[in-house]
Every structure is written in structure tokens, then in C-alpha cells.
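What follows is a single structure, written as C-alpha cells, with notes after it.
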Amino acid sequence: MTTDDIAFPSDVGTGKTFAEPIPAALLDAPLEYILVDHVRQRSLCAAFRRFTHQGYVDGEEADAVVTYLRHDVDLHHRDEEEDLFPSLLRRVPLEDNLEATLARLIEDHCNSRTMIEAISKVLAKRTGNARVRLGAGARKLLLAYATSENHHLAAENGIVLAIARVRLTKGDLKAISATMKDRHGVAA
């Protein structure tokens, strides 16, 4: 399966969101899987901008955000930090100067985890399926996450995935695929 075979989640208008799962078959093409996950993350950032504009998050959508942030984003960070980044470091020549970029991206992941916990707490403060009203601090937090994440994704797509497509071997991709499948609970 390739990205040509699936419908991408979009930031606007299609009704597809961060909450839609990626087809497990795409784990056979791990760089494509990661790219599709980046599209989902951009969809989340668009949702955060919408939430800040409207001033609230519906209860059901708040639950979906928390689940996505705590589960899917964590898996995504592990896919990159435990598989993609180390594989790249084994393959890139010094002139690619990738080590500093990857260290910065890992630091971004750490900062993201901190914001994810804060966002999750904000979205969990409600009774039942009630709306979550967003005060000024919560709005600032959601916008900060969206801005940071969009910059982060630009670096991962424009630098890391571009270099990975050139430097990683078929064997590297097969190994990454196998460990990602295991991490995601998909039979190899």
C-alpha cells in the first residue's frame, strides 16, 4: 500500500480528522505511514485553531483529542525516536549534518509531551459530555502547541523524511516496518 492508495486526512472541509486511524497496511511503507501521521497532526493543529476561535470544545471531541494525544502521538514519537532517527544516523554521512537536527526534534518531542499533559488536563475538566470552555490560558496553550507542532512537522517532512528517502535502504525500511508493526500491535 502507498499513499496513493489511501485518502489523506485534511485540515479543511473533507470531514476527515486526526481521529481517523491510518490503515495498518501502510505500516509496510513506514516513511509513508509517518507522513500520513504528520497530516493527522496538522489536522489536530487546525482543530486547535478552530477551538480557540470558537472558545470551547465539545465533550466528544475533547475525548477524541485526549485519546489521540496520549496514545497516537506517543506512538508516533516512539516510531521516530526508536526507529527512524537511529536508522538515519547509521546511514547519513557527516556532511548531511543531521545529528543536531534530530536532537532538536527529540527536544521538541519532550516539549510536546509537557504541553500534551497540560492540554489533556484542560480538556478533561468537565462533567459528563459537557463542553469544555476555553479560558485565555487554555487558548494560548492550544495555539502554542499548534504553532510549535507545525514548525516541527515542517522540519520532519522537509529535512528528515527527504533525507530518509535517499539514505535508508530497503533493509532499513523493512526493519523499521517490523518494529513499528510490533509497537502498533499489528501482526507482521
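None of the figures in this text is laboratory data; all of them are computed from the coordinates on show. Being a predicted model, the structure only gives us computed values, none of them experimental. Virtual Cβ from ideal backbone geometry, glycine too; neighbours counted across all protein chains shown.
Treating each Cα of the stretch 34-78 as one equal point scatterer and applying the Debye formula with no solvent, the log10 of I(q)/I(0) at q = 0.18, 0.33 Å⁻¹ comes out as -0.55, -1.19. Peptides 37-46, 24-33, ordered by how many other C-beta atoms sit within 10 Å of their residues on average, highest first, read 37-46, 24-33. Dipole orientation for the stretch 23-184: of the candidates VAL73, PHE48, THR101, PHE48 has the Cα lying most toward the positive pole (charges on Cβ; Lys, Arg +1; Asp, Glu -1). For TYR56, the residues 5 or more places off, or on other chains, whose built amide H falls under 5 Å of its own are LEU134. For the stretch 166-178, the Karplus equation 6.51 cos²θ - 1.76 cosθ + 1.60, evaluated at θ = phi - 60°, returns couplings of 8, 8, 6, 8, 4, x, 4, 5, 5, 5, 4, 4, 4 Hz by residue, with Gly and Pro reported as x.
Expressed as a fraction of 2.2 N^0.38 Å, the C-alpha radius of gyration for the stretch 7-107 is 1.25. Bridging of LYS140 to lysines at a Cα separation below 21 Å is possible for LYS121, LYS125, once same-chain residues fewer than 8 apart are set aside. Each 5 Å bin, from zero up to the one with the longest distance, holds this percent of the alpha carbon pairs of the chain: 1, 8, 16, 20, 19, 15, 11, 7, 3, 1, 0. Between ARG104, ARG49, ARG139, the Gaussian network model of the chain with springs among Cα atoms under 10 angstrom shows the greatest mean-square fluctuation at ARG104.
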